[in-house]
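The values are calculated or read from the model by the stated rules, or taken from the named source; none is laboratory data. From a predicted model like this one, the values you see are computed outputs, not experimental measurements. Glycine also receives a Cβ, built like all others from the backbone with ideal geometry; neighbour counts cover every protein chain displayed. These accessible areas exclude ligands, DNA and RNA; they are computed on the full protein's heavy atoms, side chains included. Shrake-Rupley method; radii C 1.70, N 1.55, O 1.52, S 1.80 Å.
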Amino acid sequence: SKIIVMAQGYLPTSSLIDDCHKIGITDFLFSTELGDIKDELAQILNPKTKQDKEIHDDVTTETISHHKFPQTEYKNRKTIAVVGSLSRIGTTTQCLQIVKYFQSCGKKACYIEFNNTGFLNALKKYYTDIQEKENYLMYSNIALFHKEDIETILKEGKYDYYIYDYGVVTELDQRIRASFLEKSKKLIVCGTSPVELEAMGNVIQEFYHSDIDYIFSFVPEQDKQDTMENMCDRADRVYFAEYTPD
């Protein structure tokens, strides 16, 4: 049987995709748009020419990655995934601040809305000083992309860092959760109010064995030491965000 892997949100060079290649699985659907996924599927099932079919059938696991996905294409790009322990915890704010940080270091970074909050649509609707480009928005010198445009921006290769906003951790289904864990760097935004601490406990338990860092927002100076102690063996992965309204 032909095995085709739905790999929406993954990079062709990710470790999971590489593992698939090693066991002989060579067909993947990377697109985020339904129409593009159908086109990818059609191309896999019906190679356009006899020569294409022969290449598709005869290619080995050693050459498939070079045949379909040049390894240098994504070589120097870093992906950073950010998710919140609760809604309204400041996930999008931290994403935008991370973009600004890399810009201050002379790097090129962009924001990707990989959730269903509708933030970019609202920004476009209510803010007058936002610029609408061909396939993204520009605001405060930050390039803002919808998740449907991921494939395009990765192919263009304009940025050094791609900051993914995954929204709220409880809204990640199994496939999206895997996509989150696959990124180069993973951050969870937390807080120290009673409700936020309860959510934080659930998050730590769920991702205990993952290499995740934690950003705490709006923590009073006198509470920071207690927060570090409460994080136990995760204390070296805790960071406190400065107060950054809007």
(request) Please enumerate the residues belonging to the stretch 159-179 that are part of a helix (DSSP H, G or I), over 25 Å from residue 35 (Cβ atoms) and touching a strand residue (DSSP E or B) at 6+ places or on another chain (Cβ under 8 Å). (result) 169
(request) Check residue 208 against each of (1) under 22 Å from residue 81 (Cβ atoms); (2) in contact with a strand residue (DSSP E or B) (Cβ under 7 Å, 6 or more places away or on another chain) and name the one condition it does not meet. (result) (2)
(request) For residue 213, work out the one condition from (1) in contact with a Lys or Arg (Cβ under 9 Å, 6 or more places away or on another chain); (2) over 14 Å from residue 82 (Cβ atoms) it doesn't fulfil. (result) (2)
(request) Determine, yes or no, whether residue 165 is surrounded by fewer than 22 Cβ atoms within 10 Å (Cβ to Cβ), closer than 25 Å to residue 31 by Cβ and among the acidic types (Asp, Glu). (result) no
(request) Return only the number of the condition from (1) closer than 21 Å to residue 98 by Cβ; (2) loosely packed, with under 13 Cβ neighbours inside 10 Å that residue 174 does not satisfy. (result) (1)
(request) Any chance you could count how many residues in the stretch 74-91 are closer than 26 Å to residue 12 by Cα and polar (S, T, N, Q)? (result) 2
(message) Just to be sure I understand, how many residues within the stretch 226-246 are of a type outside the set (Val, Ile, Thr), free of Cβ contacts under 8 Å to residues at least 60 places away in the same chain and surrounded by 10 or more Cβ atoms within 10 Å (Cβ to Cβ)?
(response) 9
(request) Give the number of residues within the stretch 94-112 that are open to solvent by 50 Å² or more (accessible area, probe 1.4 Å) and among the hydroxyl-bearing types (Ser, Thr, Tyr). (result) 2
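If you check 113, 156, which single one turns out to be free of Cβ contacts under 8 Å to residues at least 24 places away in the same chain, acidic (Asp, Glu) and within 16 Å of residue 32 (Cβ to Cβ)? Walk me through it before giving the result.
Numbers: 113 fails: free of Cβ contacts under 8 Å to residues at least 24 places away in the same chain.
Step by step, each of 113, 156 is checked, and only 156 is free of Cβ contacts under 8 Å to residues at least 24 places away in the same chain, acidic (Asp, Glu) and within 16 Å of residue 32 (Cβ to Cβ).
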(message) Let me spell it out: the conditions are (1) without any contact (Cβ under 8 Å) to a residue 60 or more places away in the chain; (2) over 17 Å from residue 107 (Cβ atoms); (3) assigned to a helix (DSSP H, G or I), and residue 200 meets all of them except one. Which number is the exception?
(response) (1)
